[in-house]
1. Does the range 110-132 contain at least one residue that is within 14 Å of the chain's Cα centre (by Cα), part of a helix (DSSP H, G or I) and modelled with pLDDT of 85 or more?
2. Has the range 330-349 got any residue that is over 25 Å from residue 427 (Cα atoms), outside any helix (DSSP H, G or I), at pLDDT below 85 and out of contact with any helix residue (DSSP H, G or I) (no Cβ under 7 Å at 6 or more places or on another chain)?
3. Tally the residues that are surrounded by fewer than 17 Cβ atoms within 10 Å (Cβ to Cβ) and at pLDDT below 85, restricting the search to the range 462-490.
4. Name the one entry in 388, 411 that is farther than 22 Å from residue 81 by Cβ and surrounded by fewer than 24 Cβ atoms within 10 Å (Cβ to Cβ).
5. Counting residues that are modelled with pLDDT of 80 or more, which helices (runs of 4 or more DSSP H) fully inside the range 1-99 reach at least 1?
6. Scan the range 398-405 and give yes if some residue there is under 20 Å from residue 433 (Cβ atoms), at pLDDT below 80, part of a helix (DSSP H, G or I) and in contact with a helix residue (DSSP H, G or I) (Cβ under 8 Å, 6 or more places away or on another chain), otherwise no.
7. Name, by its number, the condition in (1) buried (at least 24 other Cβ atoms within 10 Å of the Cβ); (2) farther than 18 Å from residue 402 by Cβ; (3) in contact (Cβ under 8 Å) with a residue 24 or more places away in the chain that does not hold for residue 109.
8. With respect to residue 325, is the statement that it is modelled with pLDDT under 85 and either assigned by TED's automatic domain parsing to the domain that holds residue 467 or not in a helix (DSSP H, G or I) (or both) true?
């Protein structure tokens, strides 16, 4: 066994909690949380805010129907494909510096996109947003991980972070609808500039990097790992995006997905040999983190499925405006915030994490299960609203502990790439979910039309939605089983020794990686 593998085995065998001799908490840490959450909102917001503005942008810039999907794909490809690189760069040059560069670059790219007069500059700006988001997102999460080491405060911080991450997509739909209807579609990009400016000011005056590696621990960039790893993820995301518009049997789709498997296999083999691996295998082979990564990815299948089908259902079947559609997702956002900050954050550290994750996944499945009963008749109050509330609570319960687990016990020098891996899981889950569920819905709709020639179009469309959502329910149930089997971190059986105020040290209070009986 190589030295790298041995070290990985030792690290993976125990998710080591912070040491008792950790430094005093940063007195500005809660302001830092606000800055980090604000920046994370920008990244998540842009995954959906442009969706609502797309028809207006398409007409204004003369984008063809064949090319309009690239408005979304240009962002997701650059973001998902470069996350691992962005995470490792933040570990090498410092998370605060990467965070600041990401904010500035994202703001500039947003301004260029909003001012674009043709499709070329517009798509280039969208790709630029994705590039800087890939630097910003892992830096934000790793800054959160290194700033909050006290278990109770860490749970609260990750609850807020998880709520922003999970609810940001819904906020994007609301903001996109309002800006498009009352101002102009270009403000869906321009709005990032003042938000980024506030976050930049907060970074300069408030944010500290508590985990900057010393000169002796900084490593060279694994260039071959970048080519294989980032290339494999990029090709996979592109393959799934093409499967949505083509078919799973299309030659290009099969070539892309097959190529991604080859690249990622070579990447894994290389990481076992590399002296300074881009993604140390100890990060993903530890069973609790592996369970958290899988849970995050599969949970996003369900949430992205909701946004995908409910947006179409509300606008095309029920005839809602873009703004009304966005406002319809407000209850979902509120439920996510409650689930992450008021339930999951309070339970985490008191019960085993899997008993927060598993009920959350089951709630998501139950929420989507309600939507399998949809009909073309108006059903917002009877079906959509209850589904949003149940699914939102579940998503909040899942996101907070999962995001906490993926960075818990990771060495400071690897926190950026560990955070990037979690973000990559989210992106891949969303891409797979969007492509897979959309393909299932399209096929089910076509089959329904063939079998019921006289059926109204809306009836066939809703039938396709319900069939695809049923598959999403099954995926979430599989995720619940995996979380039960893989996530076995336990909380301590007894309280700590205390510090005179009843507070426990981080090492005493952090959940311990013991196998549950």
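The values are calculated or read from the model by the stated rules, or taken from the named source; none is laboratory data. Since the structure is predicted, the reported quantities are computational estimates derived from the model, not experimental observations. Reconstructed Cβ throughout: ideal geometry from the backbone, glycine too, with neighbour counts over all protein chains shown.
1. Step one: filter the range 110-132 for residues within 14 Å of the chain's Cα centre (by Cα), giving 130.
Checking the rest, the ones that are also part of a helix (DSSP H, G or I) come to 130.
Narrowing the set further to residues that are modelled with pLDDT of 85 or more leaves 130.
Yes.
2. No, there is no match, as no residue in the range 330-349 is over 25 Å from residue 427 (Cα atoms), outside any helix (DSSP H, G or I), at pLDDT below 85 and out of contact with any helix residue (DSSP H, G or I) (no Cβ under 7 Å at 6 or more places or on another chain).
3. So the count comes out to 1.
4. Working: 388 fails: surrounded by fewer than 24 Cβ atoms within 10 Å (Cβ to Cβ).
After applying the criteria, what remains is 411.
5. Working: elements: 3-13, 29-45, 49-61, 70-93.
Ranges flagged: 29-45, 49-61, 70-93.
6. At the first step, the residues of the range 398-405 found to be under 20 Å from residue 433 (Cβ atoms) are 398-399, 402-403.
With at pLDDT below 80 added as a condition, the list becomes 403.
Those still in the list that are part of a helix (DSSP H, G or I) too: 403.
In the following step, the residues that additionally are in contact with a helix residue (DSSP H, G or I) (Cβ under 8 Å, 6 or more places away or on another chain) were identified as 403.
Yes, the conditions are met somewhere in the range 398-405.
7. All conditions pass for residue 109, except number (3).
8. Details: modelled with pLDDT under 85: yes; either assigned by TED's automatic domain parsing to the domain that holds residue 467 or not in a helix (DSSP H, G or I) (or both): yes.
For residue 325, the condition - modelled with pLDDT under 85 and either assigned by TED's automatic domain parsing to the domain that holds residue 467 or not in a helix (DSSP H, G or I) (or both) - is met.
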